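As structure tokens, the structure follows; a few thoughts come after it.
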Amino acid sequence: MKKRALLLATLLVMATVAMAQQSISVSYKGQQPVITDFVNAILSQRELNEALDNVRNNWNRRRLGQQMAEGVEFIVDERNGFVRYDIAYSPAERSWTEFCYWNCNDGTHKLVAVNTGHELRFKPVQTECTGLTFYSYDNQTRTLTPASAHDLGASIIVTPVVNYRLPRQGKDITAVINAKDKPVNIVMHWDGMKFHQEQTQTPSQTAGGDLQSPTRMVMNHGVEEEKEYIRVTTAEGFLNAIGSERNILIAADTEINLTPALNDAANFRTTYRLWMPDATAIIKGKSCIVSEEVFDGRQLTLVGFKKLLIRGERNSRITVDPRYAFCLRFIDCEDCTVDNLTIGHTEGGYCEGGVIGITGGRNTMVCNCDLYGCGTYGLEIEGTDGFNMFASNIHDCTYGIMQLRSSRNLNFIHSDFFNNREFDLIGSLGCEGLSFEDCRFFANWGDSPLFSIDNEFRLSGCAIYHPTQNLGTIDLANQSEISNQFSENPIDNNITGREIGPDGHWVHTK
């Protein structure tokens, strides 16, 4: 009965809506069309929905060698008959459109599919543009005509939000149904003329395993990725896995205390691993892992790495013992991400040690994390260009929430800051492009100034529970967009929990 209650209505994948109903001519060179020919034909229609119109504008710029809009990326794989368009409207909003085709067994037709999806604040949303559309291509007439998803066996009976993924390799479409309790995967197997649906295991039904081979990771809101992960369970394994363009997955229910490994000088006697009093002395351009000296111990400092992903599988954490140490420190790193982890000190402290420190570099991201108190600040950032924090918490820090210095393009989105003390809670000096969107500030020390910022910053759709007389430099806030909510009471009864921070987004599905 529970399943029957869930399947309340039929969502037919769109085959004709928002597309011109007449046949579309396909022009091509050679013996048969390739995927780019189908994309050209579909985008040549006079009337397109907003999403496809954006694809067309940037597709034409790409063909002409012109600069595309900011945040746009194309994947064009003619060998596998696949094209994907991604656009990031902001750090918290993106959409994508995919194209692919199949050969039909009758030898006279091909099936072409177009899939559009949209995501806002890490959640899939349905719009008038999202969904899956099919076309039948006739080899003789060289035309595309709309095809019925129902007749192809590709309709799905569901009520929750559905995300589709077209195959870049293989022949099967994956539909992820975002039910309230857990996602359900439906695989549509192509037999040469139509699709046959099969429900596969949900993330909670599958076991973990060795992630050193390519592995699909399913996010709990239905976004899929194909990545090669190095799965680790110890500090030594974690240190061994670090490198540019690597993806590290800390196993479920694992706490990695870095301190014992950092205190062992034998681990840091190579040109790649260094035992140093000051990691800032390293020559710029060199990539290395440093056990760096602090007042009461040592800290891990990563220097010069690019495209490093450190992700927790479920209930995963990184800790350190010294009160004066950062848990993770990045120097001159680019495009690095920390995701779905709890990070903090084993003991609270005073003076220098924060949770994450970033010096120089660009485009660091912290997502779905819990940075807890510990040494001084949850974040200390200096001289960097591009930092994004999404759906994360900073709490119980003993000096304040964050300290920002001489940096640009710092975005904090859908994050909570609470139970922090004791000085200026958010300090920013010489920074440009600082933004807080859909953030909450509550249960912090009311006697501490909330904002100590020397330049204009953006405040949009935030909830601030803090005494008015201690809001600090709130007059420098640009509040011209979504209105902000203010309350004098740091522990207002209207404050309720919300689903942010680490919660097992990423689960191994073999």
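So, for the range 306-407, what is the accessible surface per residue at a probe of 1.4 Å, expressed in square angstrom? All intermediate terms of the calculation are to be shown ahead of the outcome.
Values: 2660 Å² over 102 residues.
I get 26 Å² per residue for the range 306-407.
Largest first, how would H150, H109 line up by accessible area (1.4 Å probe)?
Working: H150 115, H109 55 Å².
Order by accessible area, largest first: H150, H109.
Carbon and sulfur: what percent of the range 70-153's accessible surface (1.4 Å probe)? Kindly include the intermediate steps, with their values, before the conclusion.
Numbers: 1580 of 3670 Å².
The C+S portion of the solvent-accessible surface of the range 70-153 is 43 percent.
Taking 0.36 nm per residue of separation and subtracting the Cα-Cα distance, what length does fully extending Y89 through T143 add?
On the way: separation 54, 0.36 × 54 = 19.44 nm, distance 3.38 nm.
Computed gain between Y89 and T143 is 16.1 nm.
For the range 339-422, what is the Kirkwood hydrodynamic radius in Å, using each pair of distinct C-alpha atoms? Spell out each step's value before the answer.
Working: mean 1/r = 0.0799 Å⁻¹.
After inverting the mean inverse Cα-Cα distance, the result is 12.5 Å.
Stretched out fully, how many nm does the piece from T346 to S406 gain, at 0.36 nm a residue minus the Cα gap?
18.6 nm
Pulled fully out, how much extra length does the chain show between E78 and N57, if you take 0.36 nm times their separation in residues and subtract their Cα-Cα distance? Could the numbers behind the result be given before it?
Values: separation 21, 0.36 × 21 = 7.56 nm, distance 2.03 nm.
Result: 5.5 nm gained on full extension.
Would you work out what percent of the accessible area of the range 255-372, with all protein chains in place, is carbon or sulfur (probe 1.4 Å)?
49
Skipping prolines and chain starts, which residues have an amide H placed within reach, meaning under 5 Å, of the one on F486, given they are 5 or more residues away or on another chain?
I464
Taking the Cβ-Cβ separation of T108 and K171 as r and a Förster radius of 22 Å, what is the calculated FRET efficiency to the nearest 0.05? Don't skip to the answer; put the middle values down first.
On the way: r = 19 Å, r/R0 = 0.84.
Rounded to the nearest 0.05, the efficiency is 0.75.
If I model a spin label as a point 7 Å beyond the Cα along the Cα-Cβ vector, how far apart are those points for K29 and F486 in nm?
The answer from the label model is 6.4 nm.
Output the Kirkwood hydrodynamic radius of the range 418-505, Cα pairs only, in Å rounded to one decimal.
Values: mean 1/r = 0.0733 Å⁻¹.
Kirkwood radius, the range 418-505: 13.6 Å.
Ignoring ligands and nucleic acids, what accessible area does H414 show with a 1.4 Å probe (Å², nearest 10)?
Ignoring ligands and nucleic acids, H414 comes out at about 40 Å².
Which of rounded, prolate, oblate describes the range 275-324, given a ≥ b ≥ c as roots of the alpha-carbon gyration tensor eigenvalues and a/c under 1.5 marking rounded, otherwise prolate only if a/b is larger than b/c? Before the final figure, lay out each step's value.
On the way: a/c = 4.06, a/b = 1.16, b/c = 3.49.
Oblate.
Let me check I've understood the local charge: for A265, count other residues with C-beta under 13 angstrom from its C-beta, Lys and Arg +1, Asp and Glu -1. What total comes out? Intermediate values should be presented prior to the final figure.
Numbers: positive: R269, R273, R298; negative: D264, E292, E293.
Combined, the nearby Lys, Arg, Asp and Glu give 0.
Using the Cα gyration tensor of the range 69-122, with a ≥ b ≥ c the square roots of its eigenvalues, what is the shape: rounded (a/c below 1.5), prolate (a/b larger than b/c) or oblate (neither)? Could you put the intermediate results ahead of the total?
Values: a/c = 4.78, a/b = 2.48, b/c = 1.93.
In terms of gyration-tensor shape, prolate.
What is the distance, in nm, between label points placed 7 Å from the Cα along the Cα-to-Cβ direction at E432 and at D253?
Label-label distance for E432 and D253, simple model: 5.1 nm.
The values are calculated or read from the model by the stated rules, or taken from the named source; none is laboratory data. Treat the numbers as computed from the prediction; the structure is a model and nothing was measured. Note: ideal-geometry Cβ built from the backbone for every residue, glycine included; neighbour counts use all protein chains shown. Calculation scope for accessible area: heavy atoms of the full protein, side chains included, ligands and nucleic acids excluded. Shrake-Rupley method; radii C 1.70, N 1.55, O 1.52, S 1.80 Å.
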